[in-house]
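Below you'll find the structure, written out as structure tokens, and then a few comments.
The values are calculated or read from the model by the stated rules, or taken from the named source; none is laboratory data. What you are looking at is a predicted structure, and each value in this text was computed from that prediction instead of being measured. Heads up, the Cβs are rebuilt from the backbone with ideal geometry, glycines too, and the neighbour counts pull from every protein chain shown. Protein only, heavy atoms only, side chains kept; ligands, DNA and RNA dropped before computing areas. Shrake-Rupley method; radii C 1.70, N 1.55, O 1.52, S 1.80 Å.
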Amino acid sequence: MKNKYDTLAVNTLRVLSASMITKAKSGHPGICLGSAPIVHVLFTEFLNNYSGNSKWPGRDRFVLSAGHGSALLYALLHVSGFDLNMEDLMAFRQKGSRTPGHPEYGHTAGVEVTTGPLGQGLATAVGFAMAEKNLASRYNKPDATLFDYKTYVLCGDGDLQEGLAMEACSLAGNFKLDNLVVLFDSNDIQLDGPTYKATSDNIKLKFEAMNWSYLKVEDGNDLVAISKAIAKANSLDKPTIIEIKTIIGYGASNQGTSAVHGKPLTAEQLEELKVNLDYHYPEFTVPSEVYDLYAQTFGKRSKASYDKYQDTLQYYKEKYPNEYNELTILLNNNYQAKDIDLPIYDSPISTRKVTGQVLSKLAEYYPGLVAGSADLASSCMIKGIAGDFAYDNYAGRNVCYGVREHAMASIVNGLTLSGLKGVGSGFFVFSDYLKDSIRLGAIMHIPSLFIFSHDSVCVGEDGPTHEPVEQLAGLRAMPNLNVVRPADAKEATWAVLGAMHNNTYPTVITTSRQDLPVLAETNYLGFIKGAYICFEPKTEPTHIIISCGSDLNICLQAAKELEAEGVMTRVVSMPSEFIFRMQTEEYKELVLPHKITKRLAVEMGSTQPWYRYASNVLGIDDFGQSMPIKQIYEFYGFTTSHIKELIEKM
Ligand SMILES: Cc1ncc(C[n+]2csc(CCOP(=O)(O)OP(=O)(O)O)c2C)c(N)n1
Ligand SMILES: [Mg+2]
């Protein structure tokens, strides 16, 4: 033991977090009691993360992937001097508190990423580690090291059972991310009982097979052994997992059983815990020795590290002003690029090609842009610049994720949280694989970008497994997510540009596989409002067609023919319902006046989302068909003649 107050501090973390949970009558005491020694050693001996500025780019990251241990994290942040006071801890899981059920990024200082869905924290941490490698190799100078931080993760059995975590760890091994250390709270217990019921994996062999180093600590209460293992991990040239054998609920009368996983201790059990731990302080007090210990270790070391970073930054600013400016823009996602030489389109082209070309162009102006694909770069056409991110080219801004959609999306979130502009791509139908990562991005209010191609049954021959139908409805139902379905090359260009300039929500852009005409009617000022009048007949309209994406052009054609036949039909292009909903009531009424009730929505996808705007919908409510694209249009009635018929019937 390094300090005589270490045990007192560990037990303080235990009793504090268990008390929070008991008071809230809700929470997970098991992991808090079992893994308190692990985080104590990490914070007092290793982690550099100055509480006075929990956002400085050079800090080490600590990720609680086992987000159900939130009470432990809050207790730890409190004793470490972060902006969480005792009242906050006492309000654990209560309305409006800074200590919500699971850790929430942006809500509580010191929380690096929102966690709770198991596997997510670990996968996002891989993104943190990749970001550090990328930034270090691009911006560090021989005489000025700005990026040299570690990412530490605390995970449990459940995290490692998730496919997501395995995808991400496999990538971390491939990229030799030696700046990543996973602390595995190995207690052989999970929610439903002992882990052997569900797993018999050999974690050592499994991780070594993924090009990781594996270390083991036999006794999770052995602070010296934990410390030695972390020090060793930091010296190895691969990512490292340290399996630390712990006892879930250590000190509680029901320790070592799944009963202590997620059930608060009763008042009596809490008293028993204190007796068992030989801990004699009233509830919700921290002995001054513990505050002092954290101030002298974590506090002092972190402040020194922070000051050193600031000094280096000052030196860097003077010696390397260009790089400094670029980095400042990058880290603040504060791009002002004006005269971007973007491609102009006039002949038919697929929107997947357009987004790819525009993104590559933008990458020259937006230094933070790091794009990648789940083994579909040549289909989705999304590729970053500066080569592939790899062990011998960490400066690469294109990531080959392999067929690992879920990890890709969590890593994109990790890159974005690190100040980069993460972009992921794949087939739209497989967006379901990574939906929870998009969801976390939306919860965290971060501007991750996903570009999904092959966005409708127009995929054709590949058939139902490859034809998205209900994905648009599902994603449009997600709060704080901008789903954009551009209709032509112009809207596709604006969609990518728009995604570069927001900081508060993720964006999903869906693109066509097939070529689409460049439409005279699409316009920028309308596009940025989410929906706009795209075609207006020569006299007052009696009908409205609302559409987007690859379906807009046939609607325009139909409306023009209807006009010639005397049926006055307005066409509204609605590339983003999310943005349209933000507009004023006046604008919405202008585009979709209440008095025009004869409305038809047209989209090759589930009809469900459109009934908000139209009583008639031409959509697709089955899984699609395997047949050439030409026949698809006929089969589902996405033809001008059928659309005209539907309008005329109203
Ligand atoms: C993706 C996901 N599935 C299920 C849950 C619900 N859940 C929370 S903790 C947990 C048990 C995880 O076991 P382990 O990681 O060993 O945690 P311990 O019981 O040791 O605290 C489960 C199933 C979740 N949070 N996320
Ligand atoms: Mg466990």
>> Can you give me the solvent accessible area of Trp494 with a 1.4 Å probe, rounded to the nearest 10 Å²?
In response: 40
>> Once R0 is set to 25 Å, what does the formula 1/(1 + (r/R0)^6) return for the Cβ-Cβ distance between Leu342 and Tyr587, expressed as a FRET efficiency to the nearest 0.05?
In response: 0.40
> Sorting His445, His280 by accessible area (1.4 Å probe), largest first, what list results?
Replying inline: His280, His445
> Which value in nm describes the separation of the simple spin-label points at Val224 and Val403, placed 7 Å from the Cα toward the beta carbon?
Replying inline: 5.1
> Using Cα-only point scatterers and the Debye equation, what is log10 of I(q)/I(0) for the range 530-649 at each q in 0.15, 0.21 Å⁻¹, rounded to two decimals?
Replying inline: -0.64, -1.20
> Regarding the range 6-304, what is the average projected area of its C-alpha convex hull, in nm²?
Replying inline: 14.2
> Can you list the aspartates and glutamates whose alpha carbon is less than 13 Å from that of Lys303, not counting same-chain residues fewer than 8 positions off?
Replying inline: Asp60, Asp311
>> Give me the three principal axis extents of the range 384-465 from the C-alpha atoms, as integers in angstrom, largest value leading.
In response: 39, 31, 16
>> At 1.4 Å probe radius, can you tell me the per residue accessible area of the range 518-567 in Å²?
In response: 38
>> What distance in nm separates the two pseudo spin-label positions at Met650 and Lys538, each 7 Å out from Cα along the beta-carbon direction?
In response: 2.2
> What translational D, rounded to a whole number of µm²/s, comes out for the chain from Stokes-Einstein when the hydrodynamic radius is the Kirkwood one over Cα pairs, at 20 °C and 1.002 mPa s?
Replying inline: 81
> Can you flag which of Lys95/Lys435; Lys55/Lys216; Lys338/Lys490 are past 20 Å Cα-Cα?
Replying inline: Lys95/Lys435; Lys55/Lys216
> Can you pull the accessible area of Glu589 for me, 1.4 Å probe, Å² to the nearest 10?
Replying inline: 70
> Counting only residues 5 or more places away or on other chains, whose amide H sits under 5 Å from the amide H of Cys534 once H atoms are built in the peptide plane?
Replying inline: Val571, Val572, Ser573
> P(r) for the range 279-424: what percent of alpha-carbon pairs falls in each 10 Å bin, starting at zero?
Replying inline: 10, 26, 26, 18, 12, 7, 2, 0
>> Only bridges whose two residues both fall in the range 365-497 count here: according to DSSP, what percent of them are antiparallel, nearest 5?
In response: 5
> When the solvent-accessible surface of protein heavy atoms is calculated with a 1.4 angstrom probe, in what order do Lys274, Lys490, Lys95 fall, highest first?
Replying inline: Lys95, Lys490, Lys274
> What ranking of Arg570, Arg352, Arg439 comes out by heavy-atom accessible area, probe 1.4 Å, highest first?
Replying inline: Arg439, Arg352, Arg570
> So what does Asp219 come to for accessible area, using a 1.4 Å probe and Å² rounded to 10?
Replying inline: 80
> Ignoring any ligand, DNA or RNA, what whole percent of the accessible area of the range 6-304 comes from carbon and sulfur when the probe is 1.4 angstrom?
Replying inline: 50
> What number in nm² do you get for the range 349-516 if you take the convex hull of its Cα atoms and divide its surface by four?
Replying inline: 8.6
> So what is the orientation-averaged projected area of the range 1-122, using the convex hull of its C-alpha atoms, in nm²?
Replying inline: 7.2
